[in-house]
Amino acid sequence: FSAIASLRSALPENVYLWVNAYKDKPDYYTAEDFVFLSEIDPHFSVNAMDYESLGQACNAGKDVFYVQGAGLVKRCYKDRGVIGNLYRDGLEGLSAVRSCRMKVCDCYIGYIHMPELKLRSIYEAGLLERIPYGAMNN
């Protein structure tokens, strides 16, 4: 945590610092750890949890895609189901509303596309970059 604090103090105050949560061990953070990290990154709580996603609405496969080099298109990198081929079908032909097939979404790159979380209201154009809206205007 000292490295995180050092980095925060080295950055200008108006620069947002994303803290990526470690979620491989349950109850990894103490209450004090959580407070400290939330003071560094006010959106830490968003990333500190996994989201039940099976059957939930998700824009992956509609607005965003995971494309492998040979053109295989998947909804996201965790969902192994292939929905088509970029070179044969084109993204317009593959784009469709699909509910999530994964039991849990535990990665920011995935759960940002779950509309019910309303993360676009925090990040707007900085959604993929993890830059909150206000921080982009500084």
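Miscellaneous remarks
- Among the protein heavy atoms of region 1-102, carbon and sulfur supply 54% of the accessible surface, probe 1.4 Å, non-protein parts ignored.
- Over the chain, relative contact order from alpha-carbon pairs under 8 Å, at least 6 apart, %: 23 percent
- 1.4 Å probe accessible area per residue over region 1-75, in Å²: 62 Å²
- Restricting the chymotrypsin sites (Phe, Trp or Tyr not before Pro) of region 60-134 to loop positions (DSSP other than H, G, I, E, B) with no more than 15 neighbouring Cβ atoms within 10 Å leaves Y77.
- Net lengthening on full extension, K118/F1 (0.36 nm per residue, minus Cα-Cα): 39.2 nm
- Sites excluded, GluC sites (Glu not before Pro) in DSSP loops with at most 15 other C-beta within 10 Å, longest stretch of the chain: 14-128
- Along each principal axis, Cα extent of region 43-138, largest first, Å: 42, 30, 21
- The calculated FRET efficiency for the pair F36 and V67, based on their C-beta separation and a Förster distance of 30 Å, comes to about 0.20.
- Qualifying trypsin sites (Lys or Arg not before Pro) in region 6-100, DSSP loop, other Cβ atoms within 10 Å at most 12: R80
- Placing R0 at 25 angstrom, the Cβ-Cβ distance between E13 and L128 gives a FRET efficiency of 0.55 after rounding to 0.05.
The values are calculated or read from the model by the stated rules, or taken from the named source; none is laboratory data. All figures in this text were calculated on a predicted structure; none of them were measured in a lab. All Cβ positions, glycine included, derive from the backbone under ideal geometry; neighbour counts span all protein chains shown. Just the protein is used for accessible areas: all its heavy atoms, side chains included, with ligands, DNA and RNA removed. Shrake-Rupley method; radii C 1.70, N 1.55, O 1.52, S 1.80 Å.
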